[in-house]
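Okay, so here's the structure we're looking at.
Just so it is clear, none of the values below were taken in a lab; they were calculated from the coordinates. In this text, all values refer to a predicted model and were calculated from it rather than measured experimentally. No Cβ is skipped: glycine too gets one built from the backbone with ideal geometry, and neighbour counts run over all protein chains shown.
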Amino acid sequence: MQCMEVWGGNVRVAKHFQMPGLDVWVSSQPEGQAVAGGDVYYLSSCASGRITRILLADVSGHGQQVAETAAGLRDLMRKNVNVISQRRFVAAMNQQFSAGNSAGRFATAVVSSFFAPT
């Protein structure tokens, strides 16, 4: 991955990445023959490869609704790709999801940041 890059989505994938201090394997299989699903995964890297952030989320629903949620999460990752603390990112993620949640959907997410120097 390049610095300032955000990789991921909610489509079928099996991929391996080597980051400073981390080996990451991502495997996602949408339900049945679906092209995309509610499992959202993102990986970002920056600060010269010293900050790695991983987001895994299970968003209720399928299709276009989930695709829009996945795109919003990607935008938030880009805005916070070079920030060590994930506090601002997680607060913005919660706010964005709550604001657009008129259909009673929900999500479960895990956000992890790895700072290689420490």
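Helix 87-99 sits at what angle to the longest principal axis of the chain, using alpha carbons and giving 0 to 90 degrees rounded to 10?
Computed tilt is about 10 degrees.
Once the chain is represented by equal point scatterers at the alpha-carbon sites, with solvent omitted, what log10 I(q)/I(0) does the Debye formula produce at q = 0.11 Å⁻¹?
Relative scattering, expressed as log10 I(q)/I(0), comes to -0.35.
Report, in degrees rounded to the nearest 10, the 0 to 90 angle that the Cα long axis of helix 64-79 makes with the longest principal axis of the chain.
20 degrees
With each label point set 7 Å from Cα along the Cα-Cβ vector, what nm distance links residue 4 and residue 106?
3.9 nm
Do any GluC sites (Glu not before Pro) in the range 1-94 lie in a loop, going by DSSP, with at most 14 other beta-carbon atoms within 10 Å of their beta carbon, and if so which? It would help to have the intermediate numbers written out before the result.
Working: sites: 5, 31, 68; in loops: 31.
Those satisfying the criteria are 31.
Multiply the residue separation of residue 88 and residue 71 by 0.36 nm, subtract the distance between their alpha-carbon atoms, and state the gained length in nm to one decimal. Write out the running numbers ahead of the final one.
On the way: separation 17, 0.36 × 17 = 6.12 nm, distance 1.80 nm.
Length gained between residue 88 and residue 71: 4.3 nm.
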